[in-house]
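The values are calculated or read from the model by the stated rules, or taken from the named source; none is laboratory data. Predicted, not measured: the structure shown is a model, and the values here were computed from it. Note: ideal-geometry Cβ built from the backbone for every residue, glycine included; neighbour counts use all protein chains shown.
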2 protein chains.
Amino acid sequence: MADFQSLSHQDKQQLKDSLQKRINEYKAQVLQLDMTRGKPGPEQLDICNDLLTCVDENHFMTGGGVDTRNYGILDGITEAKELFADFMGAAKNEIIVGGNSSLNMMYDIFAQLMTHGSSTDSTPWFSRKKKFICPVPGYDRHFTICQRFGIEMINVDMTEFGPDITMIEELVKNDGDIVGMWCVPRYSNPTGYTCSSEIVERLAAMPTKCKDFRIFWDDAYAVHFLNDAPDKLLNLLDACKKAGNPDRVFIFSSTSKVSFPGGGVAMLAASEKNCAWLKERLFAQTIGPDKINMLRHVIYFKDLAGILKHMKKQANIIAPKFTAVHDILTGELAGKGIASWTKPAGGYFISLNTLDNCAKRVVALAGELGVKLTPAGATFPYKKDPLDRNIRIAPTFPGLDDLKKATEVLAVCIQYISLG
Amino acid sequence: MADFQSLSHQDKQQLKDSLQKRINEYKAQVLQLDMTRGKPGPEQLDICNDLLTCVDENHFMTGGGVDTRNYGILDGITEAKELFADFMGAAKNEIIVGGNSSLNMMYDIFAQLMTHGSSTDSTPWFSRKKKFICPVPGYDRHFTICQRFGIEMINVDMTEFGPDITMIEELVKNDGDIVGMWCVPRYSNPTGYTCSSEIVERLAAMPTKCKDFRIFWDDAYAVHFLNDAPDKLLNLLDACKKAGNPDRVFIFSSTSKVSFPGGGVAMLAASEKNCAWLKERLFAQTIGPDKINMLRHVIYFKDLAGILKHMKKQANIIAPKFTAVHDILTGELAGKGIASWTKPAGGYFISLNTLDNCAKRVVALAGELGVKLTPAGATFPYKKDPLDRNIRIAPTFPGLDDLKKATEVLAVCIQYISLG
């Protein structure tokens, strides 16, 4: 199909008429489709239902003899630590297994930094000027945490090899107010990109003017591959240790999109020093996390191989959805010079860029046609996409037919709006 | 038995010899008994085991059609709100159902107050001078939270009708730095006392110099009666509303000692304004609590009557333990003028006072004989019991025989130390 720029005025008018006709047809169908949320579909959850009942009246003790029903243990039962240490590529003494939300672990660490400073500088962030580096497009909930705590956000482009490392190195070398950065390093939200080993190593080693600079490494999609050749990600904790900056990173993950988003297990890996610093807070903060749910995961998955086997089943459900979106976008938009989109090998999202200044209008038009999309701008700090072009597509939750229809509508909207 | 004060020197020596003999016998038995923790015993947990499996592959949707396995809902599924609104005597729009730890909810509110101030004064506590009223003896974990956030603690006596209200009224009227107070209002930890209606009403109505004074009302033992005439507690949220101070109180509770401490559900009740203020934080803090576990509790207990019926079964298990401790203490110590102890009609503890300056030595001696007790001082802020006389007894976890033996040892230690 021809590039829209090369179309004559008459061609454009003709195309617009035919798109208007399709739009009218969609309107007549009174659609109600939702592509807003990176939620697993029910069929993904169904394959995991045995987890619900694997702890029962005969199975509530850990191998080590802990009654998971009762009080005790702040940082996770041993068996869960072993399972998730493998999962995160960390040592058992570098891991804390928590409640059901890794976002909550991230938030809590910010809250602690605000009132008590870090493990290497006890100056509370509350009384500091503070800025954070945010790879864009990125995960809106990360940005919400920064906003909540009055932390100024600095956009840095997310490239297909990871965040723009040259720009980051320059920023953190010169500005001591930059106290940290966010990153979803693997199958990133929303691009699906994975950080290269070079970028991981440079993040670990770069000199920072702020002496307790912290990387919040949200490995939310650690095992969420869509094909048989999962992306490899260098372990940032190891890299930081090698570079002499062991306390620079907190790595987060969870089983939210492995088992159940509504009842999974979250975990973090960090240096022993950072874990000790966190546990000091934990004692004041809680009597302990839900150990029964940890044991469910230990019994159900057994080991890392068990998790990977399970994720293969999930990939079989999700991959056709990603393919469908890609195929429809290709059929409708390829060669027209009006949109580009990522083709992730894992994760939960596709990132699509329209022409500049079109995303908001595309999302609004799709909304009028009954297709709910994540608000344009949501993937940027302060919900402001400077070029107003990024749209996050979440293919996992809708059924395949709904998804195809919604993608079609989206593609028609993009074409229509691009014609001006 | 004669008061120790009336004993002659010779009588004392004789008594000391016979106590020494008993001590030697205990030593020879190499005991290993633990009365430190207010933990349910395994037999209490066993009666609740069906809760583990009542959510299964056919039962994971709420009555309202929410898939509890998936993302969504920040403040609890409707059915859990209904159940626990009844439980707490609050309206559905005045309740937030959370994760597995009410202590965590309390801590989180402190953290929020530190960085963002309250719903009625946005001055962060971080930048204020701040003091807290702590009824003593009280719950150590409350004091730990204050210490964590650098809040000065002021001791106020816990009487059998509740905290010394006259002293509290005087303090809060004159000192604007007093930002709040703790209270376990029902079957209090460790005394077992319950606040009278008069004290509840005066707490609700008292003028406070601090304009956003907050009461942290930890109703941890709301349904934890030991007899057929449960203590009545006036609803403090209602009383605060009537007194024109609706935002003064946060009421907390949980099922930790109803279902499973390691996997229960925590909740709070507060004014609509305070709930809105909390939910603003919740959005930044988490994707949502564990809804599956909420549903387990809804299915298993059904309604408040279901909870009360269950607690009656628990009372049947626990009450004989409280009776045993009381009987042994009475047999060993009554009339001797060396100890007094509470006789709670509910809750998890018995509070015992020795003669002044004896508690530490009693706990140490019992420890030498293989009976672990909560460290003396733990029931006071900064772990400092000014009179060194309070010992917290936790009768629920040990088996009946162990409990009897441990209480006997404790009573012997008290007598021995009291002789000087």
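Determine whether B:Asp34 is surrounded by 13 or more Cβ atoms within 10 Å (Cβ to Cβ), among the acidic types (Asp, Glu) and within 26 Å of B:Leu410 (Cβ to Cβ). For B:Asp34, the condition - surrounded by 13 or more Cβ atoms within 10 Å (Cβ to Cβ), among the acidic types (Asp, Glu) and within 26 Å of B:Leu410 (Cβ to Cβ) - is met.
Among the numbered conditions (1) among the polar types (S, T, N, Q); (2) assigned by TED's automatic domain parsing to the domain that holds B:Val184; (3) in contact with a Leu (Cβ under 8 Å, 6 or more places away or on another chain), the only one that B:Thr53 does not meet is (2). Would the range B:61-73 turn up any residue that is within 30 Å of the chain's Cα centre (by Cα) and under 30 Å from B:Thr396 (Cα atoms)? The answer is no; no qualifying residue exists.
For the condition away from every other protein chain (no Cβ under 14 Å), surrounded by fewer than 20 Cβ atoms within 10 Å (Cβ to Cβ), more than 32 Å from the chain's Cα centre (by Cα) and without any contact (Cβ under 8 Å) to a residue 12 or more places away in the chain, B:Lys21 qualifies.
Against the conditions (1) touching a residue at least 12 places away in the same chain (Cβ under 8 Å); (2) away from chain A (no Cβ under 12 Å); (3) surrounded by fewer than 22 Cβ atoms within 10 Å (Cβ to Cβ); (4) not polar (S, T, N, Q), B:Ala91 satisfies every one except (1). In the range A:109-141, the qualifying residues are those that are under 22 Å from A:Thr379 (Cα atoms) and facing chain B (nearest Cβ under 10 Å), and the one that is surrounded by the most Cβ atoms within 10 Å (Cβ to Cβ) is A:Phe110. Check whether at least one residue in the range B:215-222 is touching a helix residue (DSSP H, G or I) at 6+ places or on another chain (Cβ under 8 Å), over 16 Å from B:Gly346 (Cβ atoms), assigned by TED's automatic domain parsing to the domain that holds B:Phe87 and not β-branched (Val, Ile, Thr), and report yes or no. There is at least one residue in the range B:215-222 that is touching a helix residue (DSSP H, G or I) at 6+ places or on another chain (Cβ under 8 Å), over 16 Å from B:Gly346 (Cβ atoms), assigned by TED's automatic domain parsing to the domain that holds B:Phe87 and not β-branched (Val, Ile, Thr). Where strands (runs of 3 or more DSSP E) sit wholly within the range B:331-420, those with at least 2 residues that are among the small types (Gly, Ala, Ser) occupy B:339-341.
With respect to A:Ala204, is the statement that it is part of a loop (DSSP other than H, G, I, E, B) and either crowded, with 19+ Cβ neighbours inside 10 Å or of a type in the set (Val, Ile, Thr) (or both) true? It is false that A:Ala204 is part of a loop (DSSP other than H, G, I, E, B) and either crowded, with 19+ Cβ neighbours inside 10 Å or of a type in the set (Val, Ile, Thr) (or both). Screening A:Met181 with (1) assigned to a loop (DSSP other than H, G, I, E, B); (2) at pLDDT 95 or above; (3) under 27 Å from A:Ile350 (Cα atoms) gives one miss only, at (1). May I ask you to list the residues in the range B:201-230 that are more than 20 Å from B:Asp247 (Cα to Cα) and free of Cβ contacts under 8 Å to residues at least 40 places away in the same chain? Correct list: B:Asp228 only.
Considering the range A:67-88, the residues that are among the acidic types (Asp, Glu) and closer than 15 Å to A:His297 by Cβ include one that is nearest to the other protein chains (Cβ to nearest Cβ), namely A:Glu79. Within the range B:39-57, the set of residues being in contact (Cβ under 8 Å) with a residue 12 or more places away in the chain, facing another protein chain (nearest Cβ under 8 Å) and within 21 Å of the chain's Cα centre (by Cα) comprises B:Lys39, B:Pro40, B:Leu45.
Every listed requirement among (1) at negative phi; (2) out of contact with any strand residue (DSSP E or B) (no Cβ under 8 Å at 6 or more places or on another chain) is met by B:Leu45 save one, (2). Here A:Asp11 qualifies as more than 14 Å from every other protein chain (Cβ to nearest Cβ), surrounded by fewer than 17 Cβ atoms within 10 Å (Cβ to Cβ) and either farther than 21 Å from A:Lys372 by Cα or in contact (Cβ under 8 Å) with a residue 12 or more places away in the chain (or both). For the range A:51-81, taking the residues that are among the charged types (D, E, K, R) and closer than 24 Å to A:Gln285 by Cβ, the one that is surrounded by the most Cβ atoms within 10 Å (Cβ to Cβ) is identified as A:Arg69. Scanning the range A:143-154 turns up no residue that is under 30 Å from A:Phe87 (Cα atoms) and either away from chain B (no Cβ under 13 Å) or in contact with a Gly (Cβ under 6 Å, 6 or more places away or on another chain) (or both).
Residue check: is A:Asn235 farther than 24 Å from A:Asp121 by Cα and polar (S, T, N, Q)? Yes; evaluated as a whole, the condition is true for this residue. Among residues of the range B:323-342 that are of a type in the set (Ser, Thr, Tyr), those with a Cβ under 9 angstrom from a residue that is part of a helix (DSSP H, G or I) and modelled with pLDDT of 95 or more, sequence gap 6+ or separate chain, pair up as B:Ser340/B:Leu333.
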